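> This is the structure I want to talk about, given as structure tokens.
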Amino acid sequence: MSALIALVIAVPLGVGAAICLSELLPMRIADPATFLIELLVAVPSVVYGLVGVFVLVPIVRSVGTLVASVLGWIPLFAGPVYGIGLLTAGILLAVMIVPFIVAISREVLLAVPHSQRDAALALGATRWETVWHVVLPYARSGIMGSVILALARALGETMAVTMVIGNRPEIAASLFAPAYSMAAVIANEFAEATGKLYVSALIQIALVLFGITIVVNALARLLIASMNREGASAA
């Protein structure tokens with residue numbers, strides 16, 4: 001769920017930023033901006049976690065309290081709001097994976113042949129119509145690959161999520177409620193595991209997480225392969 005929330009937030013922002021950097025902004029501005037965005041990939045996750053604890057948690061607590069007071073009758077936005085919780089973890093993951101999507105998607109968009117753009121413009125298409133109907137369909141398999149890479153990062157993230165998700169082993173309907181991810185369970189409890197049953201349970205969680213990662217990547221490969229076949233048949 002935290003990875004899903006992160007994708008919902010990060011994919012529109014990341015793809016939109018990649019389009020802006022590759023199609024709209026001049027290169028003298030786009031190249032330095034891309035370099036700064038790519039630097040965010042190298043920031044350690046514990047630093048993101050600290051920023052989440054000291055910056056994001058108070059913001060979510062303040063905004064979430066207002067949202068809960070208005071929409072609290074909806075289980076998805078029910079209180080109480082502690083600041084730490086599933087939504088906070090999802091937002092923090094979105095911040096962490098946006099640079100992946102931006103960097104890879106921009107390179108994919110720049111790889112689209114200029115003849116494709118020139119042909120669309122020559123037929124009378126506007127700049128946005130060219131991007132929407134020509135550039136994005138041509139690059140969709142690469143963009144999908146960037147999204148899958150970001151999803152893999154979100155699924156496997158441990159430290160930053162552990163610091164802001166609340167670490168409460170309960171499933172709640174509210175986005176504001178504290179939660180627990182599989183990676184956080186392993187990181188928090190493996191060093192304190194006593195007895196074979198405890199250790200076996202944590203290893204089983206790790207196997208489930210590993211299995212989910214394999215399934216997601218396999219589905220992504222199938223999706224990208226199907227898109228490539230459709231593109232080849234259309235050509």
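> From the square roots a ≥ b ≥ c of the eigenvalues of the alpha-carbon gyration tensor of region 19-66, which class results: rounded (a/c under 1.5), prolate (a/b over b/c), or oblate?
oblate
> A further question follows. Once you sort the root eigenvalues of the Cα gyration tensor of the chain as a ≥ b ≥ c, which label holds: rounded (a/c under 1.5), prolate (a/b larger than b/c) or oblate (the other case)?
Values: a/c = 2.23, a/b = 1.70, b/c = 1.31.
The shape class here is prolate.
> Where the accessible area of the chain is counted over protein heavy atoms with a 1.4 Å probe, how much of it, in %, is carbon and sulfur?
Taking all protein chains in place, the chain shows 73 percent carbon and sulfur surface.
> Would you calculate a helix-derived [θ] at 222 nm for the chain, using -39,500 (n - 2.57) for each DSSP H run of n ≥ 4 and dividing by the full residue count, to the nearest 500? Before the final figure, lay out the partial values.
On the way: 11 runs with 165 residues, N = 235.
So the helix-based figure for the chain works out to -23000 deg cm²/dmol.
> Sticking with this structure for a sec: Taking the Cα centroid of region 118-150 and of region 14-58, what is the distance between the two, rounded to the nearest whole Å?
When both Cα centres are located, 22 Å separates them.
> Against the longest alpha carbon principal axis of the chain, how many degrees, from 0 to 90 and to the nearest 10, is the axis of helix 136-156 turned?
Here the helix axis deviates by roughly 20 degrees.
> Take the Cβ-Cβ distance between ARG221 and LEU71 as r, set R0 to 45 Å, and report the resulting FRET efficiency rounded to the nearest 0.05. Write down the numbers at each step before the final one.
On the way: r = 39 Å, r/R0 = 0.87.
Using R0 = 45 Å, I get an efficiency of 0.70.
> Quick one: which of 49-61, 29-41, 100-112 comes out on top by average Cβ neighbours within 10 Å, and what's the full order, highest first?
Most protected by this proxy first, the peptides run 100-112, 49-61, 29-41.
> Give the shape of region 121-235 as rounded, prolate or oblate, defined through the alpha-carbon gyration tensor: a ≥ b ≥ c are the square roots of its eigenvalues, a/c under 1.5 means rounded, and otherwise the shape is prolate if a/b is larger than b/c and oblate if not. Before the final figure, lay out each step's value.
Working: a/c = 4.30, a/b = 2.36, b/c = 1.82.
Taking the square roots of the gyration eigenvalues as a ≥ b ≥ c, region 121-235 is prolate.
> Name the long-range amide H neighbours of GLY166: under 5 Å, sequence gap of 5 or more, or other chain; modelled H, no Pro or chain starts.
GLY85, ALA179
The values are calculated or read from the model by the stated rules, or taken from the named source; none is laboratory data. All values derive from a computational prediction rather than experimental measurement. Don't worry about glycine lacking a Cβ; one is built from the backbone with ideal geometry, like all the others, and counts go over all protein chains shown. Accessible surface areas use protein heavy atoms only, side chains included; no ligands, DNA or RNA. Shrake-Rupley method; radii C 1.70, N 1.55, O 1.52, S 1.80 Å.
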